[in-house]
Amino acid sequence: MHHLFGLVLAQRDLSRAGDLFSLDDAEIEGSLSEALEQIRIISSSADYQTNDNDQAVVEICITRITTAIRETESIEKHGKALVALWESCLEHNLKPSGKDEDTPHAKIASDIMSCILQNYSRPSVMALAVPVAVKFLQRGNKELCRNMSSYLSLAAIAEAELLADHTDAIVKSVLQGNSLLLRVLPALYEKQPQPMVHHLPELLALMGHLQPAEQHHLLRLLQLMARRKELGVLKECIPCLLGLVRDPNHSDIILNILTEVSGYDPTALAEFLPELKEIGETFPHLVGQMAKIFGAVGHVDEEQARKCLMYLVDQLANMEHSFHHILLLEIKSLTDTFSGILGTQSRDIYRMSNSFSAIAKLLVRQLESSSTPSAR
């Protein structure tokens, strides 16, 4: 170890600690891991939490070490010693006392954290750091937890695989109120879906207490589940989704989720048609996605087809031109599938006029004059 580092740490010499900053980074780089180990021993002593001198020496030394690591880009060389000191903080009290003042070991953890976790794009460093970082989420220091969550979010973007083994702990942290980590759930779901599937009802219960951006992260998770056809859990979500769909921040993604579900299990949405109809009429700009949902549900059976056709035809008569094509496609698909609804007139109706409003009137007349088999 460099003689000045050795002197400062061996004698806890606060008067000489500042001199460490007069040394070149390259001059002390080879001593950093050994210095970190000495700091770990000092900070683990029985009287450290009450010894102001030792705390000040440690704080200065850690600042000098982390600066040198950054400047010499030697995090991969000294990462093991840095993480060992960081992890040792978990053995001590981290909860703020009094006026939110950090404990001595919470200060060490905070000072080291950014040096380690700003290297979120280096897999070798993250492989050492992530298992320790996740442990800090459960230790009751809100500021540490908040900062840790921000870095873990970046790590999930760079290398979600490293967080996958800790998905359960991350989900539990979210459920305990750490909403910052909601943003990592979609990335983790791709690697480790089961914890999120298992806790989905509890995650949904958070929805009303979240900010719009946080709600969006949770909705992105539901969208991924819809694509994976997690139907058992998604059925529970539909009432919650319908409650949020009127929010312009979320209407698009929610209807995309419902459209996805209607594609492989239209019966799951059949009972919600009245509410969907009311939403579609209140928010005309959503009619394109609504048409796909009604078209899918209408293929369940002829009874559903008639219900859905009445909505689709009504929209055809009242909507602006840009939606006519998609509405007509869904209408034609249903009347082709259930040819008995329009009978032999089906083809003639679509051919006889270039006016969508005229087609709509003819379809309404035919739907009203025909009856379901059960009514005959």
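Work out the FRET efficiency for ALA26 and HIS216 from their Cβ-Cβ distance, taking R0 = 41 Å, and round it to the nearest 0.05. The calculated FRET efficiency here is 0.30.
Remark on the stretch 79-143: ratio of C-alpha radius of gyration to 2.2 N^0.38 Å is 1.10. Multiplying each eigenvalue of the alpha-carbon gyration tensor of the chain by 5 and taking the square root yields semi-axes of 65, 18, 15 Å, largest first, rounded to whole angstroms. Report the relative contact order of the stretch 5-79, percent, no decimals, based on alpha-carbon pairs under 8 angstrom and at least 6 residues apart. This gives 42 percent for the stretch 5-79.
Residues of the stretch 29-44 with an amide N closer than 17 Å to a point placed 7 Å from the Cα of ARG70 along the Cα-to-Cβ direction: 29. For the stretch 197-298, the square roots a ≥ b ≥ c of the C-alpha gyration tensor eigenvalues yield an a/c of 1.5 or more together with a/b not exceeding b/c, which makes the shape oblate. In this calculation the C-beta distance from VAL197 to THR282 is compared with R0 = 30 Å, giving a FRET efficiency of 0.40.
For the chain, the longest principal axis of the C-alpha atoms and the axis of helix 231-244 are separated by about 80°.
If the segment from GLN176 to SER121 were pulled out straight at 0.36 nm per residue, it would be longer than the present Cα-Cα gap by 17.0 nm. Averaging the sequence gap over all C-alpha pairs within less than 8 Å and six or more residues apart, then dividing by the number of residues, gives the chain a relative contact order of 8 percent.
With angles folded into 0 to 90 degrees, how steeply does helix 273-282 sit against the dominant principal axis of the chain? Use alpha carbons for both and round to 10. Roughly 80 degrees between the two axes. Here's the list of lysines a cross-link from LYS307 could span, going by alpha-carbon distance under 24 Å and ignoring same-chain residues fewer than 8 apart: LYS235, LYS277, LYS292, LYS332, LYS361. Each label was represented as a point 7 Å from its Cα along the Cα-to-Cβ direction; for LEU14 and GLU320 these points are 7.1 nm apart. Relative to the longest principal Cα axis of the chain, at what angle does helix 251-264 sit, 0 to 90 degrees, rounded to 10? On a 0 to 90 degree scale, this one is about 70. Structure note, pairs LYS107/LYS135; LYS77/LYS135; LYS142/LYS172; LYS80/LYS135; LYS95/LYS142; LYS95/LYS135: Cα-Cα distances above 19 angstrom occur for LYS77/LYS135. For the stretch 1-156, the alpha carbon convex hull comes to 101 Å³ per residue, rounded to a whole number.
Bear in mind that the values in this text are calculations on the coordinates, not laboratory data. Please read these numbers as outputs of a predicted model, since none were measured by experiment. In this analysis, Cβ positions are derived from the backbone assuming ideal geometry, glycine residues included, and neighbour counts consider all displayed protein chains.
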